[in-house]
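Asker: Okay, handing you the structure first.
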Amino acid sequence: MGLQKTLALSAVAAGIMLSLSGAQAAPLLSSSEPMTINASDLAAKEKALTDFPLMEAVKSSIQTLDNSAVEQIEPGRAANPANVKRVESILKEADWDYLFPMRAPEYTYSNFLKAIGKFPAVCGTYTDGRDSDAICRKTLATMFAHFAQETGGHESWRDIP
């Protein structure tokens with residue numbers, strides 16, 4: 001079992017134990033006997049604890065694209081995910097190079113698009129009347145403000161402030 005799956009199951013198990021009433025938990029806490037919890041029981045409890053609209057929205061917002069699909073993302077590729085195409089329509093590679101001239105070598109436009117593609121909700125499409133492009137522009141502006149702290153020199157004597 002992978003480390004991430006083990007950690008996730010451990011977190012769910014801890015949640016189950018914490019959600020038990022004191023009367024049920026007391027014998028478990030005082031016992032030194034090993035206890036087995038079936039993965040199916042943990043999955044059912046997790047579903048019960050997370051089956052409501054807000055949690056569904058959270059899970060949707062942190063959904064990730066499979067790495068094999070992420071690695072196929074390239075600037076201008078017709079098959080890029082919709083959120084990547086939206087970012088490409090807002091920010092061209094020349095803009096990226098202009099905005100981040102002092103970035104580390106691995107901070108390429110291509111890798112930036114892959115990072116966007118990894119998280120489909122970033123610059124995703126809204127179907128509830130909100131302006132997806134405007135939200136994406138604000139998201140990118142906020143993101144770039146944080147990037148600038150790491151990728152810029154910020155010395156007044158540089159020709160690139």
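The values are calculated or read from the model by the stated rules, or taken from the named source; none is laboratory data. These numbers come from a predicted model, not from an experiment. Every residue, glycine among them, receives a Cβ derived from its backbone with ideal geometry; neighbour counts consider all protein chains shown.
Asker: Is there any pair with a first residue in region 89-109 that is within 25 Å of Ala78 (Cβ to Cβ) and not assigned by TED's automatic domain parsing to the domain that holds Gly124 and a second that is modelled with pLDDT of 95 or more and of a type outside the set (Val, Ile, Thr) whose Cβ atoms are under 7 Å apart and which are 6 or more apart or on different chains, and what are they?
Answerer: That search, which allows pairs on different chains as well, returns nothing.
Asker: From (1) without any contact (Cβ under 8 Å) to a residue 60 or more places away in the chain; (2) among the hydrophobic types (A, V, I, L, M, F, W, C); (3) surrounded by fewer than 16 Cβ atoms within 10 Å (Cβ to Cβ), pick out the condition that doesn't hold for Leu140.
Answerer: So Leu140 meets the others, but not (3).
Asker: If Glu33 satisfies all but one of (1) in a loop (DSSP other than H, G, I, E, B); (2) in contact with a Cys (Cβ under 9 Å, 6 or more places away or on another chain); (3) of a type in the set (D, E, K, R), what's the number of the condition it fails?
Answerer: The single condition Glu33 does not satisfy is (2).
Asker: Let me ask another. Before we move on, is Ile73 at pLDDT 95 or above and among the aliphatic types (A, V, I, L, M)?
Answerer: Here the answer is yes, as Ile73 does meet what is asked.
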